[in-house]
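Inspection log for the structure reproduced underneath, given as structure tokens.
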Amino acid sequence: MVAALALLSTFLVAEVVVAVVAGSLALLSDAGHMLTDVAAIALALVAARLASRPAAGAWTFGMHRAEILSAAVNGVTLVAISLVVAVEAVRRLLDPPGVSGWPVVATALVGCLVNIAVAWLLARADRRSLNVEGAFQHVLTDLYGFVGTLVAGLVILATGWTRADPIASLLVVALMLRAGWRLLRDSGRILLEAAPADTDLALIRSHLLGVPHVREVHDLHVWTVTSALPALSAHVVVDQACFADGHAPQILDQIQACLAGHFDVEHSTFQLEPPGHAQHEAGAHS
């Protein structure tokens, strides 16, 4: 990730210079997207550093959520930049300025090569992380954008039709909005404590009720602490006799074995209760 950050940062500066000299909005929009890629990788590195800190004091889960916050910031930045570029692209469609084709083509070719190299580097990182995956998707989107910019430059050279440049910019905008929306959607689910998208709460409840001596399951909560770290808690009503004969610890072992065997949940907390205990819990829900 450090190598990818250095490579992208160097090319970003060069692309901005060429875009200003050539008067290409497509190159500027690509540079804007690449800026979000640089920010995404930088934030991913910072978040990884924070997430590696052990849990301590008030931070009972450590700082794993740092990567989710940075992913959300990257999503907001993508959407904001795409809106700015879209407005300018529409303006240039109505009143197209002069665009030099050769600098656009040359920069787009180099940009394709740089993004292929960066994508290869990021593919070797841990893409289970929403932050790393977000950075990887940004780079892929950049690659598609450079391909569009290359086509626009070739069209300008062959026909002189300068509207190809803002049209390519609008294509990049669409890709940026798609990437930004996906980051905001996925990070939003985690920050709002929603159950993971692939989690079937009814199926989990059914499996838990299938354990011998389990009568009822309520206050079942499933959420994601950070990427690839789901957590679960539940109140489990078991036969009264399980407490009398000391069988409750064995029930807990069976419940956790059931959860581990059928669902990918690393952190779970169960409260075993005798029948009728729920009436003493004002906040209990079915």
> Can you work out the FRET efficiency for the pair HIS221 and ARG124, with r the C-beta to C-beta distance and R0 = 35 Å, to the nearest 0.05?
Replying inline: 0.50
> Where Rh is the Kirkwood radius over the Cα pairs of the stretch 1-66, the temperature 10 °C and the viscosity 1.306 mPa s, what D in µm²/s does Stokes-Einstein return?
Replying inline: 116
>> What's the whole-number percent of alpha carbon pairs in the stretch 221-261 lying beyond 14 angstrom?
In response: 60
>> Using a 7 Å offset from Cα along Cα-Cβ at ALA3, what residues in the stretch 112-143 end up with backbone N under 13 Å from the label point?
In response: 117-125
> Nearest 0.05, what FRET efficiency do ASP198 and ASP253 give at R0 = 25 Å with Cβ-Cβ as r?
Replying inline: 0.45
>> Can you compute the label reach from ARG185? Point 7 Å from Cα along the Cβ direction, backbone N cut-off under 20 Å, restricted to the stretch 197-215.
In response: 197-201
>> Ratio of alpha-carbon Rg to the 2.2 N^0.38 Å globular estimate for the chain, to two decimals, please.
In response: 1.37
>> For the chain, what does the helix formula give at 222 nm: sum of -39500 (n - 2.57) over DSSP H segments with n ≥ 4, over the residue count, nearest 500 deg cm²/dmol?
In response: -22500 deg cm²/dmol
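FYI, it's all coordinate maths here, none of it is from the lab. Note that the structure is predicted; figures quoted are calculated from it, not measured. Cβ: placed from backbone, ideal geometry, glycine included. Neighbour counts: every protein chain shown.
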